[in-house]
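Derivation of every value follows stated rules applied to the coordinates shown; laboratory data play no part. For clarity, every value in this text was computed on a predicted model and none was experimentally measured. Don't worry about glycine lacking a Cβ; one is built from the backbone with ideal geometry, like all the others, and counts go over all protein chains shown.
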Amino acid sequence: MSRPPPRVVAPEALTAAAAEWLTQALRQALAGGGRCSLALSGGRTTGAICHLLAQQALPWERVDFYFVDERCVPPEHAESNFLLVEENLLRPLSIPSGQVRRMEGEREDRDAAARDYAAVLPPVLDVVLLGMGEDGHTASLFPGNSALEERERQVLAVVGPKPPPWRLTLTLPVLTAARRALFVVAGAGKQDAVRRVFAGEALPAARVTNAEWLLDRAAAGNFSED
Ligand code: 6PG
């Protein structure tokens, strides 16, 4: 599988480059004057990216917010992806709750929470921010998990090796249909997974074939900085 080479930046430039990419992708999606959808992942870089994104002058009243995955914890829990995005992006921008569709990870019936989330997703997501774990997982689609083979359902409840174990996640058909998607990957611990993705191994992240890649130098290995 061939994909365009990643963009590589210095570690200190990564979050700004990611926020800039998202800003441009959102501008492009909003250019026709309509609404657009933005889906966000959790993970270590998302908070800083959202913090910078919140400083951008965009018609935010026309952006609807979604989640790529969610840990099965209450929304005020420290591990909640919603909390991360709320603190760094939604609250600073005073986004009304009507523009935010969060995954209800706290519900006892996780399968029902997944089905209900599928019912509120737009037909196609405009802009998606993704991360990749050291094992090559993305969203909460972990290597070897049967969720990777899902073709019908758009959202699933899954158990993964990364704590907290229970997660709600978008599936590959939703991620691969997105108009624009960006992986942001940082740190030497990810270097081997990056190498494997670009060598054509079918890691979960590699299966989001439509995505662009932004790496910091440590994650990039032999790829050179631009
Ligand atoms: C999550 C994620 C997950 C994340 C990757 C990378 O909620 O855990 O959405 O897919 O993006 O695990 O996370 P790090 O950047 O923290 O390594």
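Find the relative contact order for segment 1-121 and round it to a whole percent, using C-alpha pairs within less than 8 Å whose residues are 6+ positions apart. For segment 1-121, the relative contact order is 23 percent. Structural descriptor for segment 106-184: relative contact order 37 percent, calculated from alpha carbon pairs under 8 angstrom and at least 6 residues apart.
Projecting the Cα atoms of 18, 146, 78 onto the charge dipole of the chain, computed from C-beta unit charges around the Cα centre, puts 18 farthest toward the positive end. Set the Förster distance to 25 Å, then compute FRET efficiency between residue 210 and residue 108 from the Cβ-Cβ distance, nearest 0.05. Efficiency computed from Cβ-Cβ geometry: 0.10.
On full extension, the segment bounded by residue 91 and residue 151 gains 18.1 nm, given 0.36 nm per residue less the C-alpha separation. Placing a pseudo-label 7 Å from each Cα along the Cα-to-Cβ vector at residue 7 and residue 79 gives an inter-label distance of 3.3 nm. What shape does segment 1-148 have by the C-alpha gyration tensor, where a ≥ b ≥ c are the square roots of the eigenvalues, rounded means a/c under 1.5, and otherwise prolate means a/b greater than b/c and oblate the rest? Taking the square roots of the gyration eigenvalues as a ≥ b ≥ c, segment 1-148 is rounded. For segment 3-55 versus segment 113-163, the inter-centroid distance based on Cα atoms is 19 Å. Taking the three principal axes of the alpha carbon atoms in segment 129-226, the coordinate ranges are 38, 30, 21 Å, sorted in descending order.
Could you point to the residue in 220, 156, 187 farthest towards the positive end of segment 90-226's charge dipole, with +1 and -1 charges on the Cβ of Lys/Arg and Asp/Glu respectively? Checked the options; the winner is 156. Estimated at 0.36 nm per residue, the fully extended path between residue 196 and residue 176 surpasses their Cα-Cα distance by 5.3 nm. Each DSSP beta bridge with both residues in the chain is either parallel or antiparallel, and the antiparallel ones are about 30%. Pull out a ≥ b ≥ c, the square roots of the eigenvalues of the alpha-carbon gyration tensor of segment 51-102, then state rounded if a/c is under 1.5, prolate if not and a/b is larger than b/c, and oblate in the remaining case. Note, shape of segment 51-102 comes out prolate. Its Cα centre serving as origin, the chain has a Cβ charge dipole (Lys and Arg +1, Asp and Glu -1) of approximately 460 debye. Placing pseudo-labels 7 Å out from each Cα toward the beta carbon at residue 226 and residue 24 gives an inter-label distance of 0.7 nm. The spread of Cα positions in segment 84-155, taken along each principal axis and listed from longest to shortest, comes to 40, 29, 27 Å.
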